[in-house]
Amino acid sequence: MNKKHRNQSTLNAQLFRRLSLTNTNIIFTAIFILTPIIFGLLSVSIGQDNNWDLRNYHYYNPYAFFNGRLSFDFASAQLQTFLNPVLDFPFYFLVTQFSPKTVGFVMGAIQGFNFFLLFCICYYLFQYKSPPTRLLFTFVSATAGVYAPIMIGELGNTTNDVVTSLFVLGALLIVVHRTVQNENLNTSTFNYVLATGGLLIGIGIGLKLTLAIFGIGFLIAQLTLQKNWLQRIKSTAAVTLGLAAGIFISAGFWMYRLWNLYGNPLFPFYNGIFKSPYMKLENFSDSRYLPEGLFDHIVFPFYFLFSNHYTDPQHYYRDARFAIIYVLIIIIAFIFLLKWSRANSKTKRVKMKNVVIPIHQFLIIFFISSFIIWQLKFSILRYTNALELLGPAVIIILLSYIIKSEYYRILTYSLLLVVVVVEMRAIQIDRLPWGSTFFQVQIPGYADPDNSVVLITQNRPWGYLIPAFPKSTRFVSMNNNFIKPTQNTMFQKEIRQVLSSHDGPFYLLSRKEYLPYDARLLASHRLGIDPRGSLPIRSRHERDGLRLWIVKKWE
């Protein structure tokens with residue numbers, strides 16, 4: 001080949017790379033623009049959110065924050081009263097300013113960015129494939145990732161699991177991108193990358209404490225990217241600082257407020273450590289859905305193959321991705337163990353760290369460690385959202401270390417994705433038809449609202465009703481998932497003091513079928529329900545029968 005032809009070939013190659021880069025940029029731009037539109041429209045199509053937590057605290061908490069009610073009311077949203085309200089600020093603003101359908105569209109659009117972040121992560125993970133195969137695997141894996149029980153079931157709603165996953169995917173994207181783009185990053189530069197990832201997850205943890213499982217998983221996984229223990233110590237310190245800074249940014253002010261009011265910055269959690277007098281000296285945790293015994297722990301992911309209630313009895317669902325990943329990990333472990341044993345028998349050791357691509361190893365360890373911590377700590381399906389999104393990408397990565405033939409790998413992956421898609425059943429979230437306003441609550445007129453106390457004695461999600469009442473009316477929850485009448489805590493002492501010293505009207509928010517229990521509880525405070533009258537409360541979020549009952553002090 002002469003010099004002229006070589007130059008022409010070089011120019012053609014450069015032109016092809018430029019065209020390829022241009023096409024890739026167009027694809028990414030189109031996905032970035034279309035993703036929020038598509039998911040926003042999907043959110044509107046499935047109806048208005050009416051989930052239990054929404055009615056309990058997602059609307060009440062920001063209302064209480066902006067109106068100074070944390071120490072005015074008494075745990076009106078039960079235990080969840082004390083969760084960081086920042087995550088619900090956007091929803092509260094949307095509800096108070098825009099139509100319900102606009103609220104649903106914007107919430108779905110925000111949550112839809114999980115697809116874009118997942119698409120980017122998959123694109124970098126599949127860098128070793130040819131351009132057409134790379135884009136195909138990326139699109140299929142990202143689409144199958146969002147077609148999942150939590151992502152579909154919670155789209156447009158306020159439980160925030162599909163919002164906080166944005167912080168987790170964002171952190172992973174930073175690490176994956178920088179590692180793939182420059183695998184020879186010097187230690188100090190790479191520590192900044194890891195610290196930034198820790199910062200994002202830390203912000204998420206501060207907003208929703210359950211994301212701590214991903215913070216720990218990230219800490220464990222980043223160890224695989226370092227060459228020696230000195231670098232691992234430095235990177236661990238960088239990630240820890242990033243996590244701490246993120247938590248401080250998103251929750252520092254709230255933790256300080258809880259400390260001032262109750263003597264526990266994580267109130268009501270970990271009170272066995274902080275020993276706030278406002279609740280029992282115990283470390284509260286929700287253990288209702290934890291596996292029972294060793295056998296349940298071992299086979300737990302396989303339960304999800306069937307319509308089940310293993311991680312939440314209210315949300316029957318099905319999902320095969322965790323069981324598939326479980327089996328593939330066992331196969332890979334067996335293959336690696338076999339290779340290692342054969343290498344020993346020949347007195348020739350194989351360096352296993354060179355067998356797996358570093359960024360693949362990072363993601364797999366992150367996935368496994370986060371899932372194990374979740375299973376041991378919560379076993380509540382909603383908290384695995386980031387993992388279910390990554391599931392299809394993890395499956396193809398694992399298959400690449402089991403099946404060497406590209407043809408059979410694609411065939412197997414296709415079959416497994418068919419199983420995942422066919423098997424999937426989204427969690428069931430209560431929905432309503434779209435109304436003219438998001439909360440259609442009608443509160444009756446009642447005597448002296450500026451000096452009234454409304455009592456709540458049931459573990460019911462009624463916090464959303466409170467913003468419809470006059471702001472001067474005080475709400476006292478006497479018995480819920482946090483406060484019990486038999487407890488000798490500062491909360492109960494302050495409740496008794498308020499009830500004994502209050503000279504204005506008392507009302508009870510309840511239903512007729514609850515009155516026998518309500519009467520016994522009120523009697524312990526020398527209060528009685530006046531049978532002569534009650535006032536109806538209308539809400540399309542409740543079945544008929546909710547009323548304000550007049551309560552009188554005993555003489």
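The values are calculated or read from the model by the stated rules, or taken from the named source; none is laboratory data. Fair warning: this is a prediction, and the values are worked out from it, not measured in the lab. Ideal geometry is used to build each Cβ from the backbone, glycine not excepted, and the neighbour counts take in all protein chains shown.
For segment 508-517, indicate whether the set of residues that are assigned to a helix (DSSP H, G or I), in contact (Cβ under 8 Å) with a residue 12 or more places away in the chain, among the hydrophobic types (A, V, I, L, M, F, W, C) and within 30 Å of Arg431 (Cα to Cα) is non-empty.
yes
With the requirement that a residue be in contact (Cβ under 8 Å) with a residue 24 or more places away in the chain and farther than 17 Å from Gln78 by Cα, what does segment 278-293 give you?
Passing the criteria: Tyr289, Leu290, Pro291.
Given the conditions (1) touching a residue at least 60 places away in the same chain (Cβ under 8 Å); (2) loosely packed, with under 15 Cβ neighbours inside 10 Å; (3) under 30 Å from Thr143 (Cα atoms), report the number of the one that Gly435 does not fulfil.
Of everything listed in (1) touching a residue at least 60 places away in the same chain (Cβ under 8 Å); (2) loosely packed, with under 15 Cβ neighbours inside 10 Å; (3) under 30 Å from Thr143 (Cα atoms), Gly435 misses just condition (3).
Identify all residues within segment 391-411 that are surrounded by 14 or more Cβ atoms within 10 Å (Cβ to Cβ) and assigned to a helix (DSSP H, G or I); write none if there are none.
Gly391, Pro392, Ala393, Val394, Ile395, Ile396, Ile397, Leu398, Leu399, Ser400, Arg409, Ile410
Identify, please: which residue in segment 358-390 is surrounded by 23 or more Cβ atoms within 10 Å (Cβ to Cβ) and among the small types (Gly, Ala, Ser) and is, among those, farthest from Glu423 (Cα to Cα)?
Per the stated criteria, the residue is Ser370.
Would you tally the residues in segment 501-541 being in contact with a strand residue (DSSP E or B) (Cβ under 9 Å, 6 or more places away or on another chain), among the acidic types (Asp, Glu) and under 22 Å from Tyr464 (Cα atoms)?
Looking only at that region, the number is 1.
Tell me whether segment 120-130 contains one or more residues that are within 22 Å of Ala212 (Cβ to Cβ), under 12 Å from the mean Cα position of the chain (by Cα) and touching a residue at least 40 places away in the same chain (Cβ under 8 Å). Before the answer, list the steps.
Within segment 120-130, the first condition is being within 22 Å of Ala212 (Cβ to Cβ), and the residues that meet it are 121.
Then drop every residue that is not under 12 Å from the mean Cα position of the chain (by Cα), which leaves none.
Checked against the condition, which is being within 22 Å of Ala212 (Cβ to Cβ), under 12 Å from the mean Cα position of the chain (by Cα) and touching a residue at least 40 places away in the same chain (Cβ under 8 Å), segment 120-130 yields no hits at all.
Within the group Phe295, Phe253, Phe302, which residue is exposed (fewer than 15 other Cβ atoms within 10 Å of the Cβ), in contact with a helix residue (DSSP H, G or I) (Cβ under 6 Å, 6 or more places away or on another chain) and part of a helix (DSSP H, G or I)?
Phe302
Okay, residues lined up against (1) closer than 24 Å to Asn61 by Cα; (2) crowded, with 20+ Cβ neighbours inside 10 Å:
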residue: Val453; (1), (2): yes, no
residue: Phe491; (1), (2): yes, yes
residue: Asp503; (1), (2): no, no
residue: Leu522; (1), (2): no, yes
residue: Arg532; (1), (2): no, no
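Please list, ordered by residue number, the helices (runs of 4 or more DSSP H) wholly in segment 98-211 having 2 or more residues that are buried (at least 18 other Cβ atoms within 10 Å of the Cβ), modelled with pLDDT of 95 or more and small (Gly, Ala, Ser).
Qualifying helices (runs of 4 or more DSSP H): 100-125, 131-146, 161-181, 187-207.
Filter segment 274-322 down to the residues that are at pLDDT 85 or above, within 30 Å of Tyr262 (Cα to Cα) and aromatic (Phe, Trp, Tyr) and list them by number.
Listed by number, the residues that qualify are Phe274, Tyr278.
Write out, first by first residue and then by second, each pair whose Cβ atoms fall under 7 Å of each other, whose residues are 6+ apart or on separate chains, and whose first residue, in segment 88-101, is under 9 Å from Phe438 (Cβ atoms) while the second is of a type in the set (A, V, I, L, M) and in a helix (DSSP H, G or I).
Sorted first by the residue in segment 88-101, then by its partner, the pairs are Leu94/Val103; Leu94/Val106; Val95/Val103.
Condition first: surrounded by 15 or more Cβ atoms within 10 Å (Cβ to Cβ), over 31 Å from the mean Cα position of the chain (by Cα), assigned to a helix (DSSP H, G or I) and not basic (Lys, Arg). Can you find one or more residues in segment 463-481 that meet it?
no
Of all residues in segment 28-44, which are surrounded by fewer than 17 Cβ atoms within 10 Å (Cβ to Cβ) and among the polar types (S, T, N, Q)?
Thr29
The conditions are (1) surrounded by 14 or more Cβ atoms within 10 Å (Cβ to Cβ); (2) under 28 Å from Ile152 (Cα atoms), and Gln458 fails exactly one of them. Which is it?
(2)
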